[in-house]
């Protein structure tokens, strides 16, 4: 039994940058869709980065299985596990106070059965404090989605280029062209009917994403899906310029790699020449 329930009154007038004394919820996200408001989502994997994004007003942060590549150094998302992602998710939850934190269910943690999906999602929510989970796939994952939603777990869907299926696709390729666009639309509608609160559309033609967005009552979140989606998401290392070979859909907002290189070289030079530490950096 809960001792108290956070009030839903005084909801922010804007999902992005709005001020409230509570976490963003699926109700806020649904309201933004009704208002026609667009909003940003970024990935996060640690407490310090999460704090920066949270204070900037980012309403939703995804602890993506992209951590396999940008944190652990693998060449795909496939090797990362639930045990790998739970500490990262917990750190992002601790580092934020307003954003909804969504945890990716990694490859092999939900595909075998709805029960496996529920067990994995329960670990993210109980051990890490996640507020929702994301899983890839359309109609083939409906039993998992329905089981999670029935158990009280908010679920974000993911269609188009689903990186966990990269070996089936034969590489990272645009999905949904031609007749396959009708299949993607059917998947999106089926996910909505099963109870997802949002659907990520990755690497699909902009025209298809526009049609899907118009057809759904839940928001779409684009990544390489054109400008018509209700929200947009990027991996934070991509948008900050840390990625060496970013995808076409990435816009680099800052040259963080260059700034880090400059700073660490300056530090190394000052150590080598005896400039650092100076008297003001020493105790007496």
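Quick notes on this structure:
- Label of the coordinate-derived value, Cα Rg over 2.2 N^0.38 Å, listed as (i) 1.31; (ii) 0.90; (iii) 1.07: (iii)
- Protection proxy ranking, peptides 212-225, 105-118, average beta carbon neighbours within 10 Å, highest first: 212-225, 105-118
- Gyration tensor verdict on the stretch 162-284 (Cα atoms; rounded if a/c is under 1.5, prolate if a/b is larger than b/c, oblate otherwise): prolate
- In this label model, residue 283 and residue 254 are separated by 3.2 nm, measuring between points 7 Å along each Cα→Cβ vector.
- Nearest-ten-degree value, helix 82-95 long axis tilted from longest Cα axis of the chain: 70 degrees
- For the chain, the longest principal axis of the alpha carbon atoms and the long axis of helix 114-127 meet at an angle near 40°.
- Short-range pairs are left out: with C-alpha atoms under 8 Å and at least six residues apart, the relative contact order of the stretch 172-262 is 19 percent.
- FRET efficiency for residue 97 and residue 48, using Cβ-Cβ distance with R0 set to 22 Å, rounded to 0.05: 0.95
- Computed per residue of the chain from DSSP H runs no shorter than four, each worth -39500 (n - 2.57), the mean residue ellipticity at 222 nm is -11500 deg cm²/dmol.
- Relative contact order, percent, the stretch 89-213 [alpha-carbon distance under 8 Å, six or more residues apart]: 23 percent
- In the stretch 26-253, Cα pairs under 8 Å separated by at least six residues give a relative contact order of 18 percent.
- Taking the longest Cα principal axis of the chain as reference, the axis of helix 180-194 is set at about 90 degrees.
- Relative exposure of 141, 77, judged by other C-beta atoms within 10 Å (fewest first): 77, 141
- Label-reachable residues, the stretch 93-133, where backbone N falls under 19 Å from a point 7 Å from residue 150's Cα toward its Cβ: 110-123, 133
Read-outs: derived from the displayed coordinates by stated rules, not from any lab. Note that the coordinates shown come from a computational prediction; the quantities given were computed from them, not determined experimentally. Cβ atoms come from the backbone with ideal geometry, glycine included; neighbour counts cover every protein chain shown.
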